[in-house]
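For reference, the structure is listed below as structure tokens.
The values are calculated or read from the model by the stated rules, or taken from the named source; none is laboratory data. Given the structure is predicted, the values throughout are model-derived calculations rather than measurements. Here the Cβ positions follow ideal geometry from the backbone for every residue, glycine too, while neighbour counts run over all protein chains shown.
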Amino acid sequence: MTTAVAIIQHCATEDVETNLRCLETLTRAAADQGAVVICWAEAFAYLGRHAGKKEILEPLPDGGPILNRCQQLAQSLGTELLLGGFHEAMPQDLDRCYNTSVYLDSNGNIVSTYRKIHLFDVDIENGPSLQESKRTAPGEVAVIADTAFGSLGLTVCYDVRFPALYQRLIDMGAIAVSVPSAFTATTGAMHWHPLLQARAIETQSYVIAPAQHGQHSKHRASFGHSLIIDPWGTIMAEISDGDGFAIANIDPARVAQVRQEIPSLANRQPFA
């Protein structure tokens, strides 16, 4: 049995209310088109300076107005909802936070939370210079979520460059992995598609990658091109630019078929 999964693409700024209204509109439209699982990008509620982010941080699992609003949306639509990158408060350090992927069931309950392990610390010539670890603490644990279509491995953005995490998620039973992102325009133009297709091919799993797009501020722009990729590496759905959504069907039988035809996961061997 297949499950309709939607990816939502938008351009977040420091205006939380505008961001959430845009997401709610697109999510309702995707649900109207039959989506059962709906996935949002990294930093969905706010993308801007850390001073403003500190004002909206919420603890988990209790949350606050942002989490509660998302839970009510999932419940009202009867859809499962991936909050791609939630700004989670760190009780032990009020000046920092976690970048956390939160999976909600159709009743709005938290199923799983994953704190981004690999933080984006880069300094690219003629490109972005970002130090995510300055204000964000890394997670330490690989996490899967039970969803309408089966087990989903949770990751966030920069994680996609670290294949060992995805192999671990497959060993934990995942048949799909999520990569909600705010991938920079500079790196995305060269690396976004090949990295995501590589993760799909080598794990023989679906890749669900909702992304931010466009100019967030003077110094920050995202690549867009939200994708759903099948276990063969074929792009099933893509939003090239602009706000919008796309839907594709996730089929566990397709995963089983690919893994049987090319048993590369079963054929892994230990080596020194």
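List of remarks:
- In segment 131-165, the residues that are part of a loop (DSSP other than H, G, I, E, B) and either among the aliphatic types (A, V, I, L, M) or over 14 Å from the mean Cα position of the chain (by Cα) (or both): R135, P138, G139, E140, V141, A142, T147, A148, F149, G150, V156, F162
- Tally, over segment 199-238, of residues that are crowded, with 21+ Cβ neighbours inside 10 Å and of a type outside the set (S, T, N, Q): 17
- In segment 186-201 there is no residue matching the filter, namely being under 15 Å from the mean Cα position of the chain (by Cα) and hydroxyl-bearing (S, T, Y).
- Of the residues in segment 187-205, at least one is over 24 Å from S240 (Cα atoms) and touching a strand residue (DSSP E or B) at 6+ places or on another chain (Cβ under 8 Å).
- Residues in segment 78-128 that are out of contact with any Pro (no Cβ under 8 Å at 6 or more places or on another chain) and charged (D, E, K, R): E80, D93, D95, R96, D105, D121, D123, E125.
- The helices (runs of 4 or more DSSP H) found wholly in segment 11-110 and carrying at least 3 residues that are among the hydrophobic types (A, V, I, L, M, F, W, C), at pLDDT 95 or above and surrounded by 19 or more Cβ atoms within 10 Å (Cβ to Cβ) occupy 16-32, 65-77.
- Any pair with Cβ under 7 angstrom, 6 or more apart, that starts in segment 165-191 at a residue that is surrounded by fewer than 22 Cβ atoms within 10 Å (Cβ to Cβ) and modelled with pLDDT of 95 or more and ends at one that is assigned to a helix (DSSP H, G or I) and of a type in the set (D, E): L165/D159
- Qualifying residue in segment 145-163 (condition: at pLDDT 95 or above, out of contact with any helix residue (DSSP H, G or I) (no Cβ under 9 Å at 6 or more places or on another chain), of a type in the set (F, W, Y) and under 21 Å from I229 (Cα atoms)): yes
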